[in-house]
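This report concerns only the one structure given below.
The values are calculated or read from the model by the stated rules, or taken from the named source; none is laboratory data. Source: prediction; values computed, not measured. Every residue, glycine among them, receives a Cβ derived from its backbone with ideal geometry; neighbour counts consider all protein chains shown.
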Amino acid sequence: MKLKDDKNIILIGMPTSGKTTISARLGERLHKQVLHMDSMIEEELGMSISDCFRQYGEDCFRDAETDLIRRICTCRGCVISCGGGVIKREVNMKMLSESGIVFLLRRDFSLLFPTEDRPLSSTREDLEKLYRERKELYRKYNDHVVINNGTVDETVDEIIRILEEEYQEKERQ
């Protein structure tokens, strides 16, 4: 299926909420380019996000993230998988919102898991703290919430259903 709209499809959510996996499948199904922000930043910095945090601090990473958003928001019709903390800067979300439709992938907290390669959520306690700190920002900065507790295809189907409804509504106007 191909949507005629050239808006970007932007996925936000907690670490391990499924943004990378869902964006890849969504890109396949819609025949759209997928931009995975964390991977792009790691490539540009020449180091892992964890190493960037350790060597230069979070602000350095967030500056690189904002710079990347400025550039990728000029793309059209892409699926953009954002890092979990993209919502920490209002300017990031303003640029992303202007370039497309923002989907919050929400997953039950019990299904989220800490990983050593994530500097702010490497333990269960860190993940809980992050969730409390970011929950309101995720709610603030989305156009649609999609629950990602089932299969990848169920979540992708729901995003596509919402996109088709928006497109049909736009056509009626």
### Query
Quick one: in the range 12-29, which of the residues that are among the aliphatic types (A, V, I, L, M) and modelled with pLDDT of 95 or more is surrounded by the fewest Cβ atoms within 10 Å (Cβ to Cβ)?
Ala24
## Note on the structure
Residue hits (the range 63-85; within 21 Å of Gly13 (Cβ to Cβ) and at pLDDT below 95) are Cys73, Cys75, Gly83, Gly84, Gly85
### Query
Within the range 132-150, can one find any residue that is surrounded by 12 or more Cβ atoms within 10 Å (Cβ to Cβ), among the charged types (D, E, K, R), outside any helix (DSSP H, G or I) and modelled with pLDDT of 95 or more?
yes
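Can you tell me which residue in the range 35-46 is farthest from the chain's Cα centre (by Cα), limited to those that are of a type outside the set (Asp, Glu) and either within 14 Å of Leu68 (Cα to Cα) or modelled with pLDDT under 95 (or both)?
Start the filter on the range 35-46 by keeping residues that are of a type outside the set (Asp, Glu), which leaves 35-37, 39-41, 45-46.
With the extra rule that they be either within 14 Å of Leu68 (Cα to Cα) or modelled with pLDDT under 95 (or both), the set shrinks to 35-37, 39-41, 45.
Details: Leu35: 10, His36: 8, Met37: 8, Ser39: 12, Met40: 13, Ile41: 14, Leu45: 20 Å.
Among those residues, the one meeting the criterion is Leu45.
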### Query
Is there a residue being assigned to a helix (DSSP H, G or I), touching a helix residue (DSSP H, G or I) at 6+ places or on another chain (Cβ under 8 Å), farther than 30 Å from Glu171 by Cβ and among the charged types (D, E, K, R) anywhere in the range 17-37?
no
